[in-house]
1. For region 111-137, what are the residues that are in a helix (DSSP H, G or I), surrounded by fewer than 21 Cβ atoms within 10 Å (Cβ to Cβ) and either under 15 Å from the mean Cα position of the chain (by Cα) or modelled with pLDDT of 95 or more (or both)?
2. Only one of (1) of a type in the set (A, V, I, L, M, F, W, C); (2) touching a residue at least 40 places away in the same chain (Cβ under 8 Å); (3) not in a strand (DSSP E or B) fails for LEU160. Which number is that?
3. Cβ-Cβ below 6 Å, separation at least six or inter-chain, first residue in region 248-259 and among the acidic types (Asp, Glu), second surrounded by 19 or more Cβ atoms within 10 Å (Cβ to Cβ) and not in a helix (DSSP H, G or I): which pairs?
4. So in region 94-110, with the set limited to residues that are among the charged types (D, E, K, R) and part of a helix (DSSP H, G or I), which one is surrounded by the fewest Cβ atoms within 10 Å (Cβ to Cβ)?
5. Would you pick out the residues in region 140-152 that are surrounded by 16 or more Cβ atoms within 10 Å (Cβ to Cβ), not hydrophobic (A, V, I, L, M, F, W, C) and not in a helix (DSSP H, G or I)?
6. Hey, among the residues in region 1-14 that are assigned to a strand (DSSP E or B) and free of Cβ contacts under 8 Å to residues at least 60 places away in the same chain, which one's surrounded by the most Cβ atoms within 10 Å (Cβ to Cβ)?
7. Quick test for you: out of LEU7, LEU78, LEU85, pick the one residue that is hydrophobic (A, V, I, L, M, F, W, C) and modelled with pLDDT of 95 or more.
8. Find all pairs meeting these conditions: Cβ atoms under 6 angstrom apart; at least six residues apart or on different chains; first residue within region 19-43 and surrounded by 10 or more Cβ atoms within 10 Å (Cβ to Cβ); second residue modelled with pLDDT under 70 and polar (S, T, N, Q).
Amino acid sequence: MKKGKVLKSTGKWYDVELDDGSIIKCGIRGKIRLDKLKSTNPVAAGDEVIIDIEDDERGVIKEICPRKNYIVRKSINLSKQSHILAANVDRAYLLVTLIAPETHLTFIDRFLVAAESFRIPVTLLFNKIDLYFEEHLPIVENVMNIYESIGYPCHKISALKKENVEFLRKEISGNQVMIAGHSGTGKSTLINALDDTLDLKTAQISIHHLQGQHTTTFAEMHKLKTGGYIIDTPGIKAFGVVDLDKEVMSHYFPEMRELLGSCKFHNCQHLNEPNCAVKEAVKNGEIAETRYKTYEGLMTEDQSQTYR
């Protein structure tokens with residue numbers, strides 16, 4: 001029996017890095033015990049596993065070690081099941097582009113809620129600043145202010161030009177992080193900028209739709225030459241949150257969390273109740289209206305809704 005780290009999952013086979021740096025292909029026999037999570041992928045990139053090496057130099061995953069955390073979304077077209085994007089994440093980096101393609105604030109908010117629920121710190125990277133015209137810059141600053149004001153670090157970068165990415169090497173060194181975002185936001189380009197020995201495949205933006213083409217089908221974890229691991233996740237079109245208790249949904253919004261106990265009713269859901277401190281903060285501009293609308297949507301949506 002040996003312990004290893006899952007670098008890549010393709011559904012049937014898993015690339016597992018052993019302590020000596022060697023990589024072995026592993027399969028699964030039987031059922032792997034999951035923490036009561038109905039997931040389409042029992043083993044995810046970032047998982048630590050116990051494997052048994054067989055005669056043909058392939059392995060069998062016998063056990064998943066207890067996870068520190070994981071980040072999960074609703075599985076495509078399988079609304080009652082989830083898909084684990086990454087496991088054992090020290091920090092998540094969400095790539096945001098306001099053009100080519102546009103990242104909607106609702107998508108950002110939903111990702112942050114999922115990360116908050118699993119206590120994963122998030123940094124927002126506003127990519128493609130080299131493409132922005134003068135009129136775009138105030139919009140970028142305004143969006144950054146929304147998230148910086150509630151505690152999320154924000155940085156303007158250009159992965160293509162390798163501008164303002166040096167700090168990431170230092171942050172990632174010694175850690176296991178993930179990178180997420182829509183297709184076309186520059187995830188693979190950024191990883192190449194951080195480590196030019198990886199040479200990940202990148203794709204052009206669709207001229208007709210200003211959307212990215214998928215280059216990453218499965219999440220894959222890469223070891224950077226400067227230290228640390230980075231999990232490259234497939235492009236996400238929409239983010240369906242999984243199994244969050246609506247009674248504590250406000251706990252996953254830092255600006256609302258600060259106001260807990262300030263409402264008239266201790267079980268206030270911040271929707272239609274009178275003397276609600278959260279709604280008063282929205283009215284006064286202390287909480288961004290876009291953030292509140294996301295909260296409202298999460299509180300009223302049908303949990304069986306399908307996401308793509």
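1. Within region 111-137, VAL113, GLU116, SER117 qualify.
2. (2)
3. Matching pairs, first to second residue: GLU255/ILE287.
4. So the first thing to find is which residues in region 94-110 are among the charged types (D, E, K, R), and the list is 102, 109-110.
Now narrow it down to the ones that are part of a helix (DSSP H, G or I): 109-110.
Working: ASP109: 25, ARG110: 21.
In this case the residue turns out to be ARG110.
5. Taking region 140-152 as the starting set, the residues that turn out to be surrounded by 16 or more Cβ atoms within 10 Å (Cβ to Cβ) are 140, 143-144, 146-147, 150, 152.
Add one more test, that the residue is not hydrophobic (A, V, I, L, M, F, W, C), and what stays is 147, 152.
If the condition is that a residue be surrounded by 16 or more Cβ atoms within 10 Å (Cβ to Cβ), not hydrophobic (A, V, I, L, M, F, W, C) and not in a helix (DSSP H, G or I), then TYR152 is the only one that fits.
6. If we filter region 1-14 for residues that are assigned to a strand (DSSP E or B), which is where we start, we get 2-9, 14.
Cutting the leftovers down to free of Cβ contacts under 8 Å to residues at least 60 places away in the same chain gives us 2, 4, 14.
Details: LYS2: 15, GLY4: 25, TYR14: 27.
The extreme case among them is TYR14.
7. On the way: LEU78 fails: modelled with pLDDT of 95 or more; LEU85 fails: modelled with pLDDT of 95 or more.
Going through LEU7, LEU78, LEU85 in turn, just one is hydrophobic (A, V, I, L, M, F, W, C) and modelled with pLDDT of 95 or more: LEU7.
8. LYS38/GLN81; THR40/SER75; THR40/GLN81
The values are calculated or read from the model by the stated rules, or taken from the named source; none is laboratory data. Bear in mind that the values here come from a model prediction, so they are computed numbers and not experimental data. Every residue, glycine among them, receives a Cβ derived from its backbone with ideal geometry; neighbour counts consider all protein chains shown.
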